[in-house]
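Inspection log for the structure reproduced underneath, given as structure tokens.
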Amino acid sequence: MNGRSILLVEDDDAIRESVAECLDAEGYAVATVENGVAGLEWLRRSGRPDLVVLDLVMPVMNGAQFLEAVRGDPSLRDLPVVLMTAALPSAQLPVPVADGYLTKPFELDQLLETVARHARRR
């Protein structure tokens, strides 16, 4: 166990489960939720993880809306967030500024390197 915690916000069950399993195998404590609303509720209830890995395109509350809420909260604004998406920027859903990015599909080594880099900044 490396002592670092990750909140994974991803609506696709298969991606959420596989990413969580990979991070868990590397010693991260991983909590998972299926959308931005559930992610904000988790943060209010459970505290501050070392990193949020966030999907961009989700129902209920997308990644851009989640990130805007996090950056607008003084207690969370410096929380590291890595955005993962297969979506290209569009006028309807611009890609927000995050601490790191993963483009789906990504390789396991890309995931682990990106998470390690951003989870240790804190």
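The values are calculated or read from the model by the stated rules, or taken from the named source; none is laboratory data. Note that this is a predicted model, so its numbers are computed, not measured. Heads up, the Cβs are rebuilt from the backbone with ideal geometry, glycines too, and the neighbour counts pull from every protein chain shown.
A few comments on the model shown:
- Of the residues making up region 6-39, those that are over 11 Å from the mean Cα position of the chain (by Cα) and touching a residue at least 60 places away in the same chain (Cβ under 8 Å) number 5.
- Test: R77 is among the charged types (D, E, K, R), part of a helix (DSSP H, G or I) and farther than 20 Å from P105 by Cα: no
- Number of residues in region 40-72 that are under 19 Å from A86 (Cβ atoms) and not aliphatic (A, V, I, L, M) equals 6.
- Within region 41-56, considering residues that are surrounded by 16 or more Cβ atoms within 10 Å (Cβ to Cβ) and at pLDDT below 95, the one nearest to A116 (Cα to Cα): D55
- Residue list for region 16-72, restricted to those being among the charged types (D, E, K, R) and outside any helix (DSSP H, G or I): E26, E34, R48, D50, D55
- Of all the criteria given as (1) aliphatic (A, V, I, L, M); (2) in a loop (DSSP other than H, G, I, E, B); (3) at pLDDT 90 or above, the one not satisfied by V115 is (2).
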